[in-house]
Amino acid sequence: MNKPASVPEQFDAVVVGAGFSGLYMLYRLRQLGLSVKVLDSAGDVGGTWYWNRYPGARCDIPTTDYTYSFDPELEKEWTWSEKYATQPEILEYLRFAADRLGLRPDIEFSVTVTSARWDEPEKRWTITTDGGQEIRCRYYIMATGCLSMPKSPDIEGAGRFAGRVYLTSRWPHEGADFTGQRVAVIGTGSSGIQSIPLIARQARRLTVFQRTPNFSIPAHNGPAPADRLERLAEDRDEYRDAARWSRGGVPIDPTDILGGTASEAVRRERFEAAWEQGELFGILNVFADQGVNPAANDIVAEMIREKIRSIVTDPGIAEALCPKDHYFGTKRPCLDTGYFETYDLPHVQLVDLRKQPIVSITEEGIETADESFGFDAIVYATGFDAMTGALVAADAAGRDGVSLKEKWAAGPSTYLGLMTTGFPNFFMLTGPGSPSVLSNMTVSIEQHVDWVAGCLENMRDEGLETIEPTALAEAGWNQHVQDCAAITLHPTANSWYMGANVPGKPRVFLPYIGGVNAYRQACDEVAAQGYLGFRLTGPGEDRCRDGVIRRMQPDVAMVLEFMAAAGMPPLETLSAADARALLAVTAEARPPGPEVGEVTDGVIPGPSGHLPYRLYRPAGPSEGLRPLVMYFHGGGWVLGNLDSDDPLCRDLCARSGAVVVSVNYRHAPEVRFPAAALDAFAAVQWADANAIELGGIPGQLAVAGWSAGANVAAVACQLARGAEGPHISGQLLVCPVVDSDMTRPSYTENGDGYILTTALMRWFWDHYADPADRGDPRAAPLHGNLEGLPEACIVTADFDPLRDEGVAYARALEAAGVPVRLVRARGHTHTSVTMVGVVISGAPVRAEIGEALGDFFPAP
Ligand code: N01
């Protein structure tokens, strides 16, 4: 019904797309009493399930979960016939939902949106369709799907083939009959892997052109999983709620078993159980660390490769089908029914495009570097321009006439994956930067629709007309999305998650990997905080509570949550002895840190008695001399010892290539100020005098420390300068204590909740130094003479009460003419940078620290 209209139709909202998200959005907008038009280029409802009709198309989330949950009545009236329903059944379900909810009257089919423009004075969108229609609306909502824009076949000669051409994502409604034909399938992602076994049943000859082998596990399709059915029958609401607050949108028990430390028996048992279960979130949950730890990932990946080798008889073909170029899970794994078995059929051939790339599609078939193949039909299962393709294609231009394509030229930029700056009242359902494709889509769709509906209801109640994210909020969210991805193995793969499958597409991790639960929490908080990070306007109204919803590194937040759940008593409520005992216990559970060449313990003659030390020599020839770094551990002059900072010392040694000597200075309250600082200075003097015995290059000596250890390291530098020796090449101060003043803003902002609290810092000072001594430069080096000190690398952490004094020390050193490298540990706490092997996001910071340490010394 493409009727040209001279007067534009007017609606409160236009929704593009009539799949799972568009249908539910329409339902919710109607409930709000808004006038709505839904447009879809398809001939019926269904979205992705309308188009993807290829043989074998099914969902890969159990249908008990891949279903609307917003209406219990709707749920009661529909029963899925299988664990993984076929495309026709899912399409039928969406038709049923549309009819049952009476949605069809507001949907127009076979209409493609060609452009949309924001009219700032009118505060409305004008939408143009391929039929020449103009529609005006206040709210423009993209329910266009994440995998809806087919990737154009980027193969030489693609238009020349004279036989039948099929695209899995645009399959003909009448189906395809391959009986007696010679068929090519290009692509071995989910669409290829699902369709190949069925095409093989018909074709006379099937040739599969594989560029990248993919991980796939058997779906074991059949009746719906009994355990899920039971839980649903017991308490449907509880089950659905568990899904909403789960990581992936399907309730599972996340394991805490680590691949690296599990026994062989446990590894095998967990893997086999997941293989038998045949669920994506099961095989992704064999080990807690398989998504972040290469070694744990390799265990699962190798077990899948073993399975492939056991299924496929020809060892050469089996090997070609074994994925080896990406970590398991970093490309979407597949669920299959008899996929690998298909390659044992005599009429099925695998062509490994890594060995013989396609040169061209010809009129008759396909020509590779080695062979010419004749075909009657070619099936392209080559994937999608995922997540951004359909959004960009709709050609929306926002406030300043800038199109989405232009704005996203370097990659998508969104706030919460829901909106983007410059595009008022423009909503994206499951847009880039939201969990979407990494989750059970139906759960994520319902969450987005509910959030948008809640937002519009709020605007209506408050008499507001426009909403748009701020640049600050959007930049903060983009950063958080990338931070979440960076601690995983995902960015290492050439996946469509990374935009890597489309030539020229910017390489950015597109979905949000922090979890459905964490994401829902963030969205809820944004709304609860008066739409934090959004600007809302209306007649006589312009309100904006600007800010960033998530600034902390995701793994740091996890550690804090874990510690809060563990219910450790605040250290400042304990005696020094009990606090030391508690820390010793927690240290035992840590990963050990990297291997180094050699670790030896010894003693240093101190000002009053011996001081224990531990020496770390880098791997490599043991006879060569190296620069020497004297390291002082953290612990507020009260806690800590040679073990407490052992992983960090290993890390510093491995990264810098220097010999690191960790010194256990005397502690308070047994021995108070200035003992710790004097011990540190004595250690430095001794190291200088004994450099060669320690394996150090004479004259190449630096100091380093964390927290109170950085305090004594800084003081040692001042004492050495005052005593005219020894020469210190550099000082590395990680989150240093340099002042006893607790009035700086970082104390107000971060004084509670981030492990090092104001109360704990006070407890440390009280144990260490009398109030009268706390201004002494040997306690508070910020008050000392800073001229002529060694160059410095100072690390400060965003969520550290000591952040601002660290910055103050850096500025003061600079003002005194000392070169300073200030490293800001973005999103970190006082302790997290030092958590080697636990907080992955600390690794880039430590890499920079290691580099700074190396730079203190002349190049070897
Ligand atoms: O697409 P894909 P898909 N020459 O991009 C190859 C969802 N889905 O449609 O990996 C030769 O995964 C390409 O090779 P390479 C699901 O989320 C779900 O299969 O780029 N080959 C790859 O093998 C899925 O992940 C279901 O080296 C070329 C394949 O084509 C997503 O949709 C079912 C090529 C494309 O794989 C996309 O799946 C179907 C070229 N020029 C889809 N270009 C369910 O089960 C591409 N390839 C619910």
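Being at pLDDT 95 or above, within 16 Å of the ligand (Cβ to nearest atom) and touching a strand residue (DSSP E or B) at 6+ places or on another chain (Cβ under 9 Å) narrows it down to one residue among 502, 526; which is it?
Criteria check complete, one pass: 502.
Search the stretch 54-77 for residues being farther than 18 Å from residue 445 by Cβ and open to solvent by 50 Å² or more (accessible area, probe 1.4 Å), and hand back the single one that is nearest to the ligand (Cβ to nearest atom).
Among those that are farther than 18 Å from residue 445 by Cβ and open to solvent by 50 Å² or more (accessible area, probe 1.4 Å), it is 58.
Scan 138, 160 and give me the residue that is more than 13 Å from the ligand (Cβ to nearest atom), closer than 30 Å to residue 11 by Cβ, open to solvent by 20 Å² or more (accessible area, probe 1.4 Å) and more than 27 Å from the chain's Cα centre (by Cα).
138
Considering each residue of the stretch 100-130, count those that are among the small types (Gly, Ala, Ser) and either buried (at least 16 other Cβ atoms within 10 Å of the Cβ) or within 36 Å of the chain's Cα centre (by Cα) (or both), and give that number.
Residues meeting the conditions: 2.
Okay, residues lined up against (1) under 14 Å from residue 142 (Cβ atoms); (2) in contact with a strand residue (DSSP E or B) (Cβ under 8 Å, 6 or more places away or on another chain); (3) at pLDDT 95 or above; (4) surrounded by 17 or more Cβ atoms within 10 Å (Cβ to Cβ):
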residue: 379; (1), (2), (3), (4): no, yes, yes, yes
residue: 382; (1), (2), (3), (4): no, yes, yes, yes
residue: 402; (1), (2), (3), (4): no, no, yes, no
residue: 420; (1), (2), (3), (4): yes, yes, yes, yes
residue: 470; (1), (2), (3), (4): no, yes, yes, yes
residue: 481; (1), (2), (3), (4): no, no, yes, yes
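Just to confirm my filter: which helices (runs of 4 or more DSSP H) fall fully inside the stretch 235-301 and include at least 3 residues that are more than 20 Å from residue 65 (Cβ to Cβ) and out of contact with any Gly (no Cβ under 7 Å at 6 or more places or on another chain)? So that I can check it myself, show each step before the final result.
Working: elements: 236-244, 264-277, 280-283.
Once the helices (runs of 4 or more DSSP H) in the stretch 235-301 are filtered for at least 3 residues that are more than 20 Å from residue 65 (Cβ to Cβ) and out of contact with any Gly (no Cβ under 7 Å at 6 or more places or on another chain), what remains is 264-277.
Just to be sure I understand, how many residues within the stretch 442-496 are of a type in the set (Phe, Trp, Tyr), more than 19 Å from residue 28 (Cα to Cα) and in contact with a helix residue (DSSP H, G or I) (Cβ under 6 Å, 6 or more places away or on another chain)?
0
Right, residue 788: at pLDDT below 95, open to solvent by 30 Å² or more (accessible area, probe 1.4 Å) and part of a loop (DSSP other than H, G, I, E, B) or not?
Values: at pLDDT below 95: no; open to solvent by 30 Å² or more (accessible area, probe 1.4 Å): yes; part of a loop (DSSP other than H, G, I, E, B): yes.
Here the answer is no, as residue 788 does not meet what is asked.
If residue 360 passes every condition in (1) in contact with a Ser or Thr (Cβ under 8 Å, 6 or more places away or on another chain); (2) open to solvent by 10 Å² or more (accessible area, probe 1.4 Å); (3) outside any loop (DSSP other than H, G, I, E, B) but one, which one does it miss?
All conditions pass for residue 360, except number (1).
How about the stretch 699-755: which of its residues are in a loop (DSSP other than H, G, I, E, B), polar (S, T, N, Q), touching a residue at least 60 places away in the same chain (Cβ under 8 Å) and more than 18 Å from residue 639 (Cα to Cα)?
Initially, the stretch 699-755 is screened for residues in a loop (DSSP other than H, G, I, E, B), giving 707, 723-729, 735-744, 751-755.
So of that shortlist, the ones also polar (S, T, N, Q) come out as 707, 729, 740, 743.
Then drop every residue that is not touching a residue at least 60 places away in the same chain (Cβ under 8 Å), which leaves 707, 729.
Within the stretch 699-755, just 729 meets the criteria.
Is it true that some residue in the stretch 538-546 is out of contact with any Leu (no Cβ under 6 Å at 6 or more places or on another chain), basic (Lys, Arg) and surrounded by fewer than 21 Cβ atoms within 10 Å (Cβ to Cβ)?
no
What are the residue pairs meeting all of these: first residue in the stretch 179-201, first residue of a type in the set (S, T, N, Q), second residue more than 16 Å from the ligand (Cβ to nearest atom) and part of a loop (DSSP other than H, G, I, E, B), Cβ atoms under 9 Å, and 6 or more apart or on different chains?
From the stretch 179-201, the pairs are 179/203; 179/204; 181/163; 181/203; 181/204; 181/376.
With respect to residue 685, is the statement that it is outside any loop (DSSP other than H, G, I, E, B) and more than 43 Å from the chain's Cα centre (by Cα) true?
yes
For the stretch 78-93: of the residues being more than 12 Å from residue 62 (Cβ to Cβ) and among the hydroxyl-bearing types (Ser, Thr, Tyr), which is nearest to the ligand (Cβ to nearest atom)?
That would be 86.
Filter the stretch 375-394 down to residues that are hydroxyl-bearing (Ser, Thr, Tyr), away from the ligand (no atom under 13 Å from the Cβ) and not in a loop (DSSP other than H, G, I, E, B), then give me how many there are.
Of the residues in that region, 0 qualify.
Among the residues of the stretch 342-357, which ones are more than 37 Å from the chain's Cα centre (by Cα) and either open to solvent by less than 60 Å² (accessible area, probe 1.4 Å) or among the hydrophobic types (A, V, I, L, M, F, W, C) (or both)? Even if it seems obvious, please write down each step before you answer.
Of the stretch 342-357, the ones more than 37 Å from the chain's Cα centre (by Cα) are 344-349.
Hits for the stretch 342-357 are 345, 347, 348.
Kindly list the number of the only condition in (1) over 31 Å from the mean Cα position of the chain (by Cα); (2) outside any loop (DSSP other than H, G, I, E, B) that fails for residue 22.
That leaves (1) as the condition not met.
Restricting attention to the stretch 436-453, does a residue exist that is in a strand (DSSP E or B), away from the ligand (no atom under 16 Å from the Cβ) and open to solvent by less than 30 Å² (accessible area, probe 1.4 Å)?
No, the stretch 436-453 has no match at all.
Go through (1) in contact (Cβ under 8 Å) with a residue 40 or more places away in the chain; (2) assigned to a helix (DSSP H, G or I); (3) acidic (Asp, Glu) and name the single condition residue 798 misses.
(2)
The values are calculated or read from the model by the stated rules, or taken from the named source; none is laboratory data. Only a predicted model underlies this, so the values are computations on that prediction, with no experimental measurement involved. Counting neighbours? That spans all protein chains shown, and the Cβs are built from the backbone with ideal geometry, glycine included. Only protein heavy atoms, including side chains, enter the accessible area calculation; ligands, DNA and RNA are left aside. Shrake-Rupley method; radii C 1.70, N 1.55, O 1.52, S 1.80 Å.
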